[in-house]
Amino acid sequence: MPIPESLTAKPIYILNGPNLNLLGVREPDIYGRETLPALEMRCRTRAKELGFSIVFKQSNIEGELVNWIQEAREAGAGIIINAAAYTHTSVAIHDALKAADLPTVEVHLSNLYTREEFRHQSFISPLARGVICGFGGLGYEFALLALRQILDSRKQD
Ligand code: CA2
């Protein structure tokens with residue numbers, strides 16, 4: 001019996017950068033009250049509805065994020081990344097995303113453009129298919145929907 005395509009398809013890697021493990025615990029006025037495990041559950045639910053499996057990771061270590069991007073290059077169908085503060089500093093993450101050459105959506109919980117000027121610069125945006133910021137955890141769901149459309153449109157090509 002053939003295995004359904006949704007079970008064989010490669011996962012979407014959802015990667016989260018430094019301090020996002022503190023979500024819901026500190027600074028709720030900026031980042032909301034949703035914890036990272038709750039955000040992961042929200043992503044899993046939405047991903048399942050869209051026929052995706054996900055790999056959901058968080059690290060405070062730049063090199064670990066680079067390693068997961070390299071893993072996604074081999075094993076993933078797309079990347080959703082909130083690189084947190086590394087967004088504004090990391091040439092290493094930029095280079096890894098360039099090498100991965102996968103459809104990538106950059107997500108931020110807060111609206112970067114209502115915040116300090118240093119948050120207006122991103123090393124990731126030039127490599128992303130799109131950028132979503134300011135919608136809290138809902139932005140991750142928007143990103144999954146965007147990747148569904150991008151990957152489906154590729155299948156028809
Ligand atoms: O808005 C976002 O998602 C950010 O990527 C969050 C980063 C920030 O450096 C970016 O400029 C925008 C910071 C993540 C820190 O998360 C915390 C969560 C709760 C308490 C403290 C920090």
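The values are calculated or read from the model by the stated rules, or taken from the named source; none is laboratory data. Just so it is clear, the model here is predicted, and its values are computed rather than measured. Using ideal geometry, Cβ is built from the backbone for each residue, glycine included, and neighbour counts are taken over all protein chains shown. These area figures cover heavy atoms from the full protein model, side chains too; ligands, DNA and RNA do not enter into them. Shrake-Rupley method; radii C 1.70, N 1.55, O 1.52, S 1.80 Å.
Every residue, every condition in (1) within 10 Å of the ligand (Cβ to nearest atom); (2) surrounded by 15 or more Cβ atoms within 10 Å (Cβ to Cβ), yes or no:
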{"position": "Glu106", "(1), (2)": "yes, yes"}
{"position": "Cys133", "(1), (2)": "yes, yes"}
{"position": "Phe142", "(1), (2)": "no, yes"}
{"position": "Leu147", "(1), (2)": "no, yes"}
{"position": "Leu151", "(1), (2)": "no, yes"}
{"position": "Gln156", "(1), (2)": "no, no"}
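When the range 124-145 is examined, which residues are found to be among the small types (Gly, Ala, Ser), closer than 16 Å to Gly76 by Cα and in a helix (DSSP H, G or I)? Within the range 124-145, just Ala143 meets the criteria. Looking across the range 18-67, just one residue is under 13 Å from Leu109 (Cα atoms), of a type outside the set (A, V, I, L, M), more than 9 Å from the ligand (Cβ to nearest atom) and assigned to a helix (DSSP H, G or I), and that is Asp29. Here Arg73 clears all of (1) open to solvent by less than 50 Å² (accessible area, probe 1.4 Å); (2) under 15 Å from the mean Cα position of the chain (by Cα); (3) of a type outside the set (Gly, Ala, Ser) except the condition numbered (1). Annotation: Gly24 fulfils all but one of (1) at pLDDT 95 or above; (2) under 21 Å from Cys133 (Cβ atoms); the unmet one is (1).
I'd like to check something: does the range 86-97 contain any residue that is more than 14 Å from the chain's Cα centre (by Cα), farther than 19 Å from Asn60 by Cα and loosely packed, with under 14 Cβ neighbours inside 10 Å? Scanning the range 86-97 turns up no residue that is more than 14 Å from the chain's Cα centre (by Cα), farther than 19 Å from Asn60 by Cα and loosely packed, with under 14 Cβ neighbours inside 10 Å.
Filtering the range 68-104 to residues that are of a type in the set (Ser, Thr, Tyr) and either part of a helix (DSSP H, G or I) or away from the ligand (no atom under 16 Å from the Cβ) (or both) leaves Tyr86, Thr87.
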